[in-house]
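Beneath this line is the structure, given in structure tokens, with notes to follow.
Only the coordinates and a few stated rules stand behind these numbers; no lab work does. Since the structure is predicted, the reported quantities are computational estimates derived from the model, not experimental observations. Cβ atoms come from the backbone with ideal geometry, glycine included; neighbour counts cover every protein chain shown.
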Amino acid sequence: MSRVYPFDEAATARAVIDDHGTLVEWNEGARRLLGHPADAVLGRPAARLLAGSDTPAVPPGVRWQGTVGLRHRDGRTVPVWLLAHRRPPRDGHDGSWLLVTPLTGREPPAAGDPLAEAGLIQSPCALAVYDEELRLRRLNDAMAEVIGLSEEQVRGLRLAEIGGRPQSEELEQAMLQVLNSGRPQDMQTFTRTGGEERTHAWLARMAPVRDRRGRVRGVCLAAHDITDNYRARQRLQLVNEASVRIGSTLDVTRTAEELAEVCVPALADFVTIDLLDPDEHGGQPPAHVTAPVQLRRIAHRSVHRSVPEAVIGPGRTEQYPVGSPQADSLTAGHTIIASVAEGDMDEWLTWHTIRARRVQEFGMHSSMAVPIQARGLTLGVAVFTRHRRPEGFTADDVLLAEEITARAAVCVDNARRYSRERETALALQRSLLPRSLPRTAALEVSSRYLPAARAGVGGDWFDVIPLSGMRVAMVVGDVVGHGVEASATMGRLRTAVRTLADIDLAPDELLTHLNDLVVRLSEESGADGSPGEVGATCLYALYDPVSRRCTLARAGHPPPVLLRPGEAPRAVDLPAGPPLGLGGLPFECAEVELPEGAVLALYTDGLVWSRERDPDTTRERLYEALGACSDSLDATCDRVLHTLLPAGGAADDVALLLARTRGLPASQVVTWDIPADPALVAPVRKQVVEQLDTWGLSEVSFTAELVVSELVTNAIRYGAHPIRLRLIHDATTLICEVSDASHTAPHLRRAKTFDEGGRGLLLVAQLTQRWGSRHTPEGKTIWAELPVYEEEDR
């Protein structure tokens, strides 16, 4: 039944005064109070109604209250208590003051007035009053509903006796403090009362009850249900925690573990994170999923330490059919809530009997499967299960789980993309680095390459390049940046170094050409004509086992460390040179003598540089690790990395190349000065044959005689004096070198049918394993290599 309009406008005297002090409103209650009709006062100054001569100032603020004397129509003065409210300007009108005073309802309630009792009994707030012994005296209907007991049943009991829970005892102790101190106190508690089916959050407000003399005679307890606010704060806190904790690394497994850790036990008692196996979908997660679904367990977590609820462990795969929460949520593309009591999982548990036994054993009653989706791709599914917490999942729980899972999905996708790019870059890096180092008579070498632990694969590289005359080039470089682009740039620079090394450039000249290449690469990588950011450092060393000298040059790279037999390790004094791509200062060479058995260590700065480590201290540790160099260079490489790098891996790429020198005995090298007389070529051939007989290489005498004859004849005919012939022999190769003072290099060409000459170098190329020329400061050297076979191989 609807009620009529209950308000009596005349029960309140009300007037409105504008900012100019003019009365603009006057109601019937005001007329009853002062006797003035509305048409007699509207539009006139309000000050005329004041009984005194002094006009009060406009009060500050937005509210004012006080007693003033007002003039009645019959001439008498009426003292009136006024409450004034400031009203702001609106609708184009100026501001004003609303003045009100009550005309009725001032009398105190009479005995037996139902309104006097309503404040306690019928209040929607749960109220209870306890006496000086903290025993219940009164409670209203709302409190009786909360505790599930009537006032007649519990009157005279203490709160701890009514509640029977630890929270009730804590609340009673707080009430005792209020009783003793006389000061009110608030307390929050999370408990299930006798009248509730679920646990609720409560705000208990306790205030002292005083008699007319002000003495504390009891405690009034008001209980406010703040469950919604409490759970909202919990959800917000959980979302904030998830945003901080999830995605701390670019590792898919760790990210999934963080998602499970955040949700247990705050949201669920058991959480599993399963991702689609990329290998089943060509390496890329699908946009749409169809059942059955193959999933790989990435992480799981439980309120139990050993996670006994799990059927499979991390890293294992399992196929989920239609009817399973995992498959249903992935195919539907949204969250699926399943209840055991309602039979939602009967088909799934019937199909998977082991899981059915776990559900029965631990009392699992509710599950919530949330798809892990990011950037339009379906990555997997997170399943939240409850068994210790009695209540099922609510709509708010779904929103919370989807929010947290959505945040985690982006982190998982970022980690997946990073891992895939890192694996691609690492595969590219390994394909561009030498799979194995060449075995030479000049050096024994060993190497290590480690990608950065966090930044990913970079552009560090190393190489060992056999050259003519049994010389060997060693190179270590570092391209600025990380990722596929850095690896690709590294591959181009390594190829360039090998090409430049094959034409026997000196180390400083090689770095100069390499610098020009880096400048061009930087220009090509830039946008809108602006230069890019390609840069690199490089160290190039050229070792000659015959002279046992090593020529080095570097471009902004750390100097190598040299360990001579019987001496302490030390850095080679080598001009720094600018990094590649900067230009400016020229590159300079340095030459050092390396006795047999000396160890040369070439490395990139990732081995010794870190923000957390002092460079000087790190270099000292490098010297100590190299100082204990054993016969095995592989063991020395491992010891150096173990000594210098932290357990979690290096912050930058690390390339390390160790080389132990070998000298060539003088008995394996012979040199002749050749007179500039073609008639003396025959005696030279005879000397060569005799020397080969001495070395036991008679099987290659005929070929060597032809090659030497051709090279010496060309030097005499086209070269310049002095002319020198050198033979170098090791276990597998015979090298013939003819040097002269001319800088003109020969060219291989195909002679025409009737040409009398032009076939000599073609003959040399066909008879030898390799041949070529190199420029020297004194002129040039033409060389050729002939294979030497062991007796059992012939």
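What's the magnitude of the charge dipole for the chain around its Cα centre, counting Lys and Arg as +1 and Asp and Glu as -1 at the beta-carbon? Answer in Debye, nearest 20. Please report the intermediate quantities before stating the final value.
Numbers: 86 positive and 107 negative charges, 537 e Å.
My answer is approximately 2580 debye.
I need the calculated FRET efficiency for the pair residue 502 and residue 244, taking r as the beta carbon distance and R₀ as 41 Å, to the nearest 0.05.
That pair, residue 502 with residue 244, gives E of 0.15.
For residue 363, what is the net charge nearby, where nearby means another residue's Cβ is under 15 Å from its Cβ and Lys, Arg count +1, Asp, Glu -1?
+2
Over the alpha-carbon set of the stretch 9-102, divide Rg by the Kirkwood Rh and report the Rg/Rh ratio to two decimals.
Taking Rg over the Kirkwood Rh, I get 0.93.
Between residue 344 and residues 5 or more places away or on another chain, which pairs have amide H atoms under 5 Å apart, with H built 1.01 Å from N, and which residues are they?
339
Can you give me the Kirkwood hydrodynamic radius for the stretch 655-752, using every pair of distinct Cα atoms, in Å to one decimal? Walk me through the numbers on the way to the answer.
Working: mean 1/r = 0.0666 Å⁻¹.
It is 15.0 Å.
Based on the mean of other beta carbon atoms within 10 Å per residue, what is the order of 583-596, 440-453, 658-671, most packed first?
Values: 583-596: 14.6, 440-453: 19.0, 658-671: 16.8.
Descending packing order for the listed peptides: 440-453, 658-671, 583-596.
Find the relative contact order for the stretch 121-225 and round it to a whole percent, using C-alpha pairs within less than 8 Å whose residues are 6+ positions apart.
Relative contact order of the stretch 121-225: 29 percent.
Determine ³J(HN,Hα), in whole Hz, for all residues of the stretch 541-557 in sequence, where each value follows from phi through the Karplus function 6.51 cos²θ - 1.76 cosθ + 1.60 and θ = phi - 60°; x replaces Gly and Pro.
Result, ordered by residue: 10, 10, 10, 10, x, 6, 8, 6, 10, 10, 9, 10, 8, 9, 10, x, 9 Hz.
Percent of Cα-Cα pairs per 10 Å bin, from 0 to the last occupied bin, for the stretch 352-391, please list those.
Per 10 Å bin, starting at zero, the Cα-Cα P(r) for the stretch 352-391 comes out as 26, 39, 24, 10 percent.
Calculate log10 I(q)/I(0) of the stretch 304-442 for q = 0.09, 0.19 Å⁻¹, where I(q) comes from the Debye formula with a single equal point scatterer on each Cα and nothing for solvent.
Results for the stretch 304-442 at q = 0.09, 0.19 Å⁻¹ read -0.40, -1.20.
Hull surface divided by four, with the convex hull built on the Cα atoms of the stretch 435-661: how many nm²? Please report the intermediate quantities before stating the final value.
Values: hull surface 48.7 nm².
Result: 12.2 nm².
Could you point to the residue in 256, 500, 728 farthest towards the positive end of the chain's charge dipole, with +1 and -1 charges on the Cβ of Lys/Arg and Asp/Glu respectively?
Result: 256, furthest along the dipole toward the positive end.
List every residue whose amide H lies under 5 Å from the amide H of residue 535, counting only residues 5 or more places away in sequence or on a different chain, with H placed 1.01 Å from N in the peptide plane.
So residue 535 has HN proximity to 480.
By how many nm would the segment from residue 677 to residue 74 lengthen if fully extended, with 0.36 nm per residue of separation less the alpha-carbon distance?
201.7 nm
Report the charge-dipole magnitude of the stretch 435-661 in Debye, nearest 20, computed about the Cα centre from +1 at each Lys and Arg Cβ and -1 at each Asp and Glu Cβ.
520
Write down the radius of gyration of the stretch 121-225 and its Dmax, each obtained from C-alpha positions, in Å.
Both quantities, over Cα of the stretch 121-225: 12.8, 43 Å.
Arrange the peptides 164-177, 329-342, 459-472 so that the one whose residues have, on average, the most other Cβ atoms within 10 Å appears first. Let's see the in-between values first.
Working: 164-177: 16.1, 329-342: 17.7, 459-472: 22.5.
Sorting 164-177, 329-342, 459-472 by mean packing, highest first, produces 459-472, 329-342, 164-177.
Order 178-189, 381-392 from most to least packed using the mean count of other Cβ atoms within 10 Å. Walk me through the numbers before you get to the answer.
Details: 178-189: 14.6, 381-392: 20.7.
Peptide ranking by packing, descending: 381-392, 178-189.
How large is the Rg to Rh ratio of the chain when both quantities use alpha carbon positions and Rh follows Kirkwood?
Across the chain, the Cα-based Rg/Rh ratio is 1.28.
List every residue whose amide H lies under 5 Å from the amide H of residue 577, counting only residues 5 or more places away in sequence or on a different chain, with H placed 1.01 Å from N in the peptide plane.
556
Pairs of Cα atoms under 8 Å, at least six residues apart: use those to get the relative contact order of the chain, whole percent.
Over the chain, the number comes to 6 percent.
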